[in-house]
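S.K.: My questions will all concern the structure given below.
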Amino acid sequence: MAMKPPVTIPHLSQVTDCTTLSGRPVLSVYGPDDVFADDLGDSLGRPGHYPYTRGVHESMYRGKLWTMRQFAGMGTAAQTNARFRFLLNRGQTGLSTAFDNPTLYGWDSDDPISAGEVGKTGVAMDSLADMERLFDGIPLDRVSTSMTINAPAAWIFTMFLANAEKRGIPLAQLRGTLQNDILKEYIAQKEWIFPPEPHIRLITDLFAFCAEHVPQWNTISISGYHIREAGATAAQELAFTLMDGFTYVEHAVAAGMSVDDFAPRLSFFFNAHIDFFEEIAKLRAARRIWARHMKERYGAKNPRSWLCRFHVQTAGCSLTAQQPEVNIVRTAIEALAGVLGGCQSLHTNSMDEALALPSDKAVEIALRTQQVIAFESGVASVADPLGGSYYVERLTRELEEEAESYFAKIRDLGGMVPAIERGFPQQELTRSAYEYQRALSERRKMQVGVTEFTNENEILEIPILEIDESVETNQISALRVLRESRDNVAVQDSLDELERTARTKENLVPKLLSCSRVYCTEGEITRRLIRVFGEYREQAFF
Amino acid sequence: MAESMRSSRGPSLTPQLWERFLGGERRACAQVITKVENDPDAVPEIRDRLSGRLGRAIRIGITGPPGVGKSTLTSALARGLADGGNRVGIVAVDPSSPFTGGAFMGDRIRMDALVGDDRVFMRSLASRAGQGGLAPSTAGVADVLEAFGMDRILIETVGVGQAELDVMACADIVVLVLQPSTGDAIQSLKSGIIEAADVVVVNKADLPGVEMLLQSLRFAFSLGAGRPGTNATPILATSAQASEGIGELVAELESQASDLVDSGRHREMRRARLENEIRRAIQTHLWASLERAVGASAKIRRHAEELTLSGGSPYPFIRRACAATQVCQTKEEAWQ
Amino acid sequence: MNEHPIKVVVAKPGLDGHDRGAKVVARALVEAGMEVVYLGLRQTPESIVAAAVEEDADAIGLSVLSGAHMPHFTKVKALMDTEGIGDRLLTGGGIIPTKDQETLSALGVGRLFGPGDDPSTIAEYIKERVYARRAAERN
Ligand SMILES: Nc1nc2c(ncn2[C@@H]2O[C@H](COP(=O)(O)OP(=O)(O)OP(=O)(O)O)[C@@H](O)[C@H]2O)c(=O)[nH]1
Ligand SMILES: [Mg+2]
């Protein structure tokens, strides 16, 4: 390779604009004058105490380490089952399921719209039969399981419940998380089926059903991750996510539930991006804001209702296709921010994710990264070690204030649902995404290996995972067999009953469970519900 | 035809292209539109080719402030009109950036219900140098669509929130779209567009505030707003998203269309437009020959500069120029 | 040469809602003076090619992050050929392994871009290819 002239960079301020990743101006040093007394007093508090700025537990990771939970899923249920076993074998402590696109949008693998996408970026899931294969041999009463699914979350979850029933596992012993967060879909990820109102009804139906029957389950994971990936700044991620959370609370209360009945099972999911301190501050601010609003605005009495417990994933959008090994370093920094921000569970991205689905090798390194942080670095021994840092406390307050001003704007628009219908959060994101791209183009922000320090004629030296095209044909033929072998009278009866109930105000979850037990497919359920609820169309906002 | 009137840009209009166009090939229609859009010099030849195929279609302008649902409504209308047996052309105009010349055209997002519908042909146009909510080539593009066999042509203007009177020059029927938010209605009443409207549509009737807007519009019209010399302008409510009220709107448009035809007003509008087209083409030609012969624009600019300083009258120059221009010898026979 | 603006149809085929890249690129193409017809999410090869035909687009840009780039690009390219617009540029971006890019390139698909490619590079590439095609047509 030809030698390039050596790069000399005299001052940081000549190559970056010295703002945070989100464009926030920062001073060159922070001191006591930059922090409000209250931010070191009552607003800070102690770990495990209101307002929980410093963490949800008193002893934090000494008492309970975060759950190392790598998101996995590809191909058929049997293939993903093998990846799950691989991960558990290497010391992972919880499972997290990625579904393929047809599943996420509510369609069956043999639907024409699914062509080419079956098993591509997650596991294909059509019915209870796939659920049985996916968790075959995995002790669901002992391993906590997370499922990343939103629009059809309720009927994928009832397939999961039906599987537990068949295996004789009491529903009350199931632990895990359902993402089930539709608002961020309209804002960022765009995986919806119906208009907002019926989706929110399904969500509150699940809150009520689980409070009674699956009490250890986190019924929702209110997610900022995707909002951030779609281009939001740290403050926008924080504000829109928490506002989504408030909206679910308000809907559940309006549906007649008391806040302390469901709020303890609400959980969150944030992004850990590359700006180390800004991310830590964002996570600390999230806990403080949530606690304050739950206690003061929504009148929750149970301290568990005040807790903002969250999963963190390192930022997929920070990864580069160039010099992919360097992504290991980025992910390590981001994961450390997640831990210092006090996460309850963590996913670390694999180095090859800007190129393809992660290979076994890359997944293992990502998991090992968490283990190094947990067991070698020493950071887990002390709760909130950055508490009281002038810079971190100042940033925490700034993010909180910025989020509060977004809350006010959104309330002015009539709340989050009307704001989404008007495209407000969507436009904010698009603008931020474009501004960041401009900053990169104009060299005000840097990406190592992309905007600077590039390697000419780079040759990739990491293995790339490929999904065999036979996955789709196999999945489709299995589905054909199922449609012929199941009790089709029971299938039609339960679908009819579902449709009837959907037209009433009755809780839909028991009906979805009946459908799942008799092997109704995901797409069959989706189509029945569309008859009642209609379909949502894209609102593209710029 | 003079050298200057032949196409100088892009591929020429081959006989094969015309054959495909007459054979109803959509791609050929799209290519002819591109030519009209980008190459003014090709327009005369294209107009020649379209002869005998124009004069029948009804052109419907859809105008109104940004975001009121013009595209969504246009899509629903196109379907309604097509269901009534019409072939429908759509021209949707979006603004060009005055700085970069680029344009973002998002109207198709709202028209996904028309995907695969062979009865409809939809084309997006950037406004480019056009003012008043249309592209300079809008009328020419509508001509091509008509000659391609479209019975109804929907022209969606840029949502500029200002008087878009250009659309009147180009459309037989003007639909003004508003939404329940008083600001828009008051703006429109002020701007005079309301007088250009043949139908006023209050879209998004599923949102609160419709009744109030309908009432204030009815009140305004009772005070004499509306196109002078016509009967009361109809005011309809629609929810384009839910396809509600579309049937009524289609019926209203079709009834206005047959009135236009039956009363002879359609022919009259067409005559006026042709008159304009001829006059403008000749003016353009004359001007071009003056430019070529003496560099007219530059000379006028210089005179104006001198007059600004001297404070003199422009007429000595005008008289001299006009007298000299009379040497242009026109034979009346040629004007028959 | 006085070129008229380049018209590009930008779409996201299939089931994939990650439209950050498509929107940023669409906006950058507008800034570069192009006329961008944005189709948005959940497009089928048929809807994309039908729009490109009616718009007489110079180029189609697809953004695919769902892993299903092979079927989508292949089908769109094949349809472009049968609909008579095979001479128009098909380009796009996403997370597309080099091996797949090579396969697609052999089918006549243009360059594909990835995260980290500056949108101005994409605009330059489209200009170069479209101007070359137009020049060939003039001769
Ligand atoms: N609630 C409601 N929303 C509608 C209705 N019709 C359109 N919309 C929404 O209004 C927004 C704007 O719709 P468009 O059809 O793009 O409006 P437009 O007037 O063409 O917009 P521009 O071309 O940008 O000026 C979109 O979000 C539509 O979904 C309706 O009947 N009811
Ligand atoms: Mg529009």
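The numbers here are math on the coordinates, done by the rules we state, and not lab data. All values reported here derive from a predicted model rather than from experimental measurement. Here the Cβ is made from the backbone with ideal geometry for all residues, glycine too, and neighbour counts use every protein chain on show.
S.K.: What relative contact order, as a whole-number percentage, does chain A give when Cα pairs under 8 Å and 6 or more residues apart are counted? Working shown, then result.
M.R.: Details: 977 pairs, mean separation 108.3, N = 542.
Once normalised by length, the contact order is 20 percent.
S.K.: Still on this model: Out of every Cα pair in the range B:272-330, what percent are spaced more than 18 Å from each other?
M.R.: Values: 829 of 1711 pairs.
So the portion of pairs separated by more than 18 Å is 48 percent.
S.K.: Still on this structure, I have one more. Hey, if you put +1 on the Cβ of every Lys and Arg and -1 on every Asp and Glu Cβ in the protein assembly as shown, which of A:Leu346, C:Gly93, B:Val175 ends up farthest toward the positive end of that dipole?
M.R.: Checked the options; the winner is B:Val175.
S.K.: Could you identify which residue out of B:Pro66, B:Pro208, B:Pro234 has the top mean-square fluctuation in a GNM of chain B using Cα springs shorter than 10 Å?
M.R.: Per the Cα network of chain B with a 10 Å cutoff, B:Pro208 tops the list.
S.K.: Here is a further query. For chain B, report the translational diffusion coefficient in µm²/s to the nearest whole number, using Stokes-Einstein at 10 °C, 1.306 mPa s, and a Kirkwood Rh over Cα pairs.
M.R.: For these conditions, the coefficient is 72 µm²/s.
S.K.: Eigenvalues of the Cα gyration tensor times 5, then square-rooted: what semi-axes does that give for chain C, in whole angstrom, largest first?
M.R.: Working: eigenvalues 87, 57, 44 Å².
Over the Cα atoms of chain C, the ellipsoid semi-axes are 21, 17, 15 Å.
S.K.: Also, I was wondering about something else. Toward the positive end of the charge dipole of chain B, about the Cα centre and with charges on Cβ (Lys, Arg +1; Asp, Glu -1), which of B:Gly55, B:His303, B:Ser96 goes farthest?
M.R.: B:His303
S.K.: Ratio of Rg to Rh for the protein assembly as shown, alpha carbon only, Kirkwood? Mind showing how you got there, number by number?
M.R.: Working: Rg = 31.7 Å, Rh = 31.5 Å.
Taking Rh as the inverse mean 1/r over Cα pairs, Rg/Rh reads 1.01.
S.K.: OK, next. By DSSP, what percent of the beta bridges with both residues in the range B:55-263 are antiparallel, rounded to the nearest 5?
M.R.: Working: 2 of 30 bridges.
Among the beta bridges of the range B:55-263, antiparallel pairing accounts for roughly 5 percent.
S.K.: Given points 7 Å out from each Cα along the Cα-Cβ axis, report the B:Glu306 to B:Ser97 separation in nanometres with one decimal.
M.R.: 4.4
S.K.: While we're on this one: Using modelled backbone amide H atoms (1.01 Å from N, in-plane), which distant-in-sequence or interchain residues come within less than 5 Å of A:Tyr536's amide H?
M.R.: A:Phe194
S.K.: Can you give the log10 of the normalised intensity I(q)/I(0) at q = 0.06, 0.10, 0.11 Å⁻¹, computed with Debye over equal Cα scatterers of chain A?
M.R.: So the normalised log intensities are -0.28, -0.81, -0.99.
S.K.: Follow-up. Please give, to one decimal in nm, the separation of the simple spin-label points placed at A:Arg167 and A:Val329, each 7 Å out from Cα toward the Cβ.
M.R.: Between A:Arg167 and A:Val329, the simple spin-label model gives 4.2 nm.
S.K.: Still on this structure, please answer the following. Would you please state the base-10 log of I(q)/I(0) at q = 0.11, 0.14 1/Å for the range A:1-151, with intensities from the Debye formula using one equal scatterer on every alpha carbon?
M.R.: Scattering profile of the range A:1-151, log10 relative to I(0): -0.79, -0.86.
S.K.: Among B:Ile278, B:Ala288, B:Tyr315, whose Cα sits farthest toward the positive end of the charge dipole of the range B:267-336 (+1 at Cβ of Lys/Arg, -1 at Cβ of Asp/Glu, about the Cα centre)?
M.R.: About the Cα centre, the residue reaching furthest to the positive side is B:Ile278.
S.K.: Another question about this same structure. Relative to the Cα centre, what is the charge dipole magnitude of the range B:272-330, using +1 at the beta carbon of each Lys and Arg, -1 at the beta carbon of each Asp and Glu, and rounding to the nearest 20 debye? Don't jump to the answer; show the numbers that get you there.
M.R.: Values: 9 positive and 5 negative charges, 10 e Å.
Here the size comes out at about 40 debye.
S.K.: What value, in deg cm²/dmol to 500, does the helix sum -39500 (n - 2.57) over DSSP H runs of n ≥ 4 give at 222 nm once divided by the residues of the protein assembly as shown? Could you put the intermediate results ahead of the total?
M.R.: Working: 38 runs with 466 residues, N = 1017.
-14500 deg cm²/dmol, from helical runs alone.
S.K.: Moving to a separate point now. So, in chain B, how many Lys pairs have Cα atoms under 29 Å apart, if the pair is 8 or more places apart or on different chains?
M.R.: Numbers: B:Lys35/B:Lys70; B:Lys70/B:Lys190; B:Lys70/B:Lys204; B:Lys190/B:Lys204; B:Lys299/B:Lys331.
Here the count comes out as 5.
S.K.: Connecting C-alpha atoms closer than 10 Å in a GNM of chain B, tell me which of B:Ala113, B:Ala76, B:Ala323 has the biggest fluctuation.
M.R.: Taking springs between Cα atoms under 10 Å, the residue moving most is B:Ala323.
S.K.: Next question. Shape call for the range A:429-509 from the C-alpha gyration tensor, a ≥ b ≥ c root eigenvalues: rounded (a/c under 1.5), prolate (a/b greater than b/c) or oblate?
M.R.: On the way: a/c = 6.90, a/b = 1.90, b/c = 3.63.
Judged from the Cα gyration tensor, the range A:429-509 comes out oblate (a/c at least 1.5, b/c at or above a/b).
S.K.: Run the dipole for the protein assembly as shown about the Cα centre, Lys and Arg Cβ at +1, Asp and Glu Cβ at -1, nothing else charged, and hand back the magnitude in debye, nearest 20.
M.R.: On the way: 110 positive and 132 negative charges, 206 e Å.
Value, rounded to 20: 980 debye.
S.K.: Using the number of other C-beta atoms within 10 angstrom as an exposure proxy, rank A:Lys361, B:Lys70 with the fewest first. Intermediate values should be presented prior to the final figure.
M.R.: On the way: A:Lys361 14, B:Lys70 27.
Exposure proxy ranking, most exposed first: A:Lys361, B:Lys70.
S.K.: Ranked from highest to lowest mean number of other Cβ atoms within 10 Å per residue, what is the order of the peptides A:272-279, B:88-95, B:211-218? Show your work: numbers first, answer last.
M.R.: Numbers: A:272-279: 24.1, B:88-95: 25.6, B:211-218: 15.8.
Descending mean neighbour count gives B:88-95, A:272-279, B:211-218.
S.K.: Determine the shielding of peptide A:431-441 by partner chains: average, over its residues, the number of Cβ atoms on other chains within 10 angstrom of each Cβ. Kindly include the intermediate steps, with their values, before the conclusion.
M.R.: Working: counts 1, 1, 6, 8, 1, 2, 9, 5, 0, 3, 5.
So the per-residue partner count for this stretch is 4.
S.K.: OK, next. Within chain A, which cysteines find no other Cys whose Cβ is under 4.7 angstrom from their own?
M.R.: Among the cysteines of chain A, those whose Cβ sits 4.7 Å or more from every other are A:Cys18, A:Cys210, A:Cys308, A:Cys317, A:Cys343.
S.K.: If you take all C-alpha pairs in the range A:97-183, what percent of them are over 22 Å apart? Could you put the intermediate results ahead of the total?
M.R.: Details: 874 of 3741 pairs.
I get 23 percent for the Cα pairs in the range A:97-183 exceeding 22 Å.
S.K.: With +1 on each Lys and Arg Cβ and -1 on each Asp and Glu Cβ, and nothing else charged, work out how big the dipole of chain B is about its Cα centre, in Debye to the nearest 20. If you can, show how the numbers build up before the last one.
M.R.: Details: 38 positive and 40 negative charges, 207 e Å.
In debye, rounded to 20, chain B gives about 1000.
S.K.: Okay, moving on. Give me the number: length gained by fully extending B:Ala323 to B:Arg273, i.e. 0.36 nm times residue separation minus the C-alpha to C-alpha distance, one decimal in nm. List each step's numbers first, then the result.
M.R.: Values: separation 50, 0.36 × 50 = 18.00 nm, distance 3.07 nm.
Going from the current span to full extension adds 14.9 nm.
S.K.: Taking the DSSP beta bridges in the protein assembly as shown as the whole, what percent of them are antiparallel, to the nearest 5? Write down the numbers at each step before the final one.
M.R.: On the way: 3 of 81 bridges.
That works out to approximately 5 percent antiparallel.
S.K.: Going by average Cβ density within 10 Å per residue, which order do the peptides A:45-57, A:143-155 take, highest to lowest?
M.R.: On the way: A:45-57: 20.0, A:143-155: 23.9.
The packing order, highest mean first, is A:143-155, A:45-57.
S.K.: Could you work out the Kirkwood radius for the range A:303-415, taking every pair of different alpha carbons, averaging 1/r and inverting it, reported in Å? Walk me through the numbers before you get to the answer.
M.R.: Details: mean 1/r = 0.0615 Å⁻¹.
Across the range A:303-415, the inverse of the average 1/r is 16.3 Å.
S.K.: In nm, give the distance between the simple-model label positions of C:Asp87 and A:Asp34, each being 7 Å from the Cα along the Cα-to-Cβ direction.
M.R.: For C:Asp87 paired with A:Asp34, the spin-label model returns 6.2 nm.
S.K.: Oh, and also: For a quick check: sort A:Asp205, B:Asp151, A:Asp487 by the number of other beta carbons within 10 angstrom, fewest at the front.
M.R.: Working: A:Asp205 21, B:Asp151 18, A:Asp487 11.
If I rank by nearby Cβ atoms, fewest first, I get A:Asp487, B:Asp151, A:Asp205.
S.K.: Same structure again: Which of A:Cys210, A:Cys18, A:Cys343 has the fewest other C-beta atoms within 10 Å, and how do the rest follow up to the most?
M.R.: On the way: A:Cys210 23, A:Cys18 14, A:Cys343 26.
Arranged by neighbour count, lowest to highest, A:Cys210, A:Cys18, A:Cys343 become A:Cys18, A:Cys210, A:Cys343.
S.K.: Separate question: Determine the percent antiparallel among the DSSP beta bridges restricted to chain A, to the nearest 5. Before the final figure, lay out each step's value.
M.R.: Details: 1 of 30 bridges.
Around 5 percent of the beta bridges assigned by DSSP in chain A are antiparallel ones.
S.K.: OK, next. In the structure shown, do any of A:Lys361/C:Lys99; C:Lys12/C:Lys99; A:Lys184/C:Lys77; A:Lys184/A:Lys282 have a Cα-Cα gap over 26 Å, and if so which? Working shown, then result.
M.R.: Values: A:Lys361/C:Lys99 20 Å; C:Lys12/C:Lys99 22 Å; A:Lys184/C:Lys77 33 Å; A:Lys184/A:Lys282 18 Å.
Cα-Cα > 26 Å for A:Lys184/C:Lys77; rest within.
S.K.: Taking N as the number of residues in the range A:74-230, what value does Rg over Cα atoms divided by 2.2 N^0.38 Å take?
M.R.: Details: Rg = 15.0 Å, N = 157, 2.2 N^0.38 = 15.0 Å.
In units of the 2.2 N^0.38 Å rule of thumb, it is 1.00.
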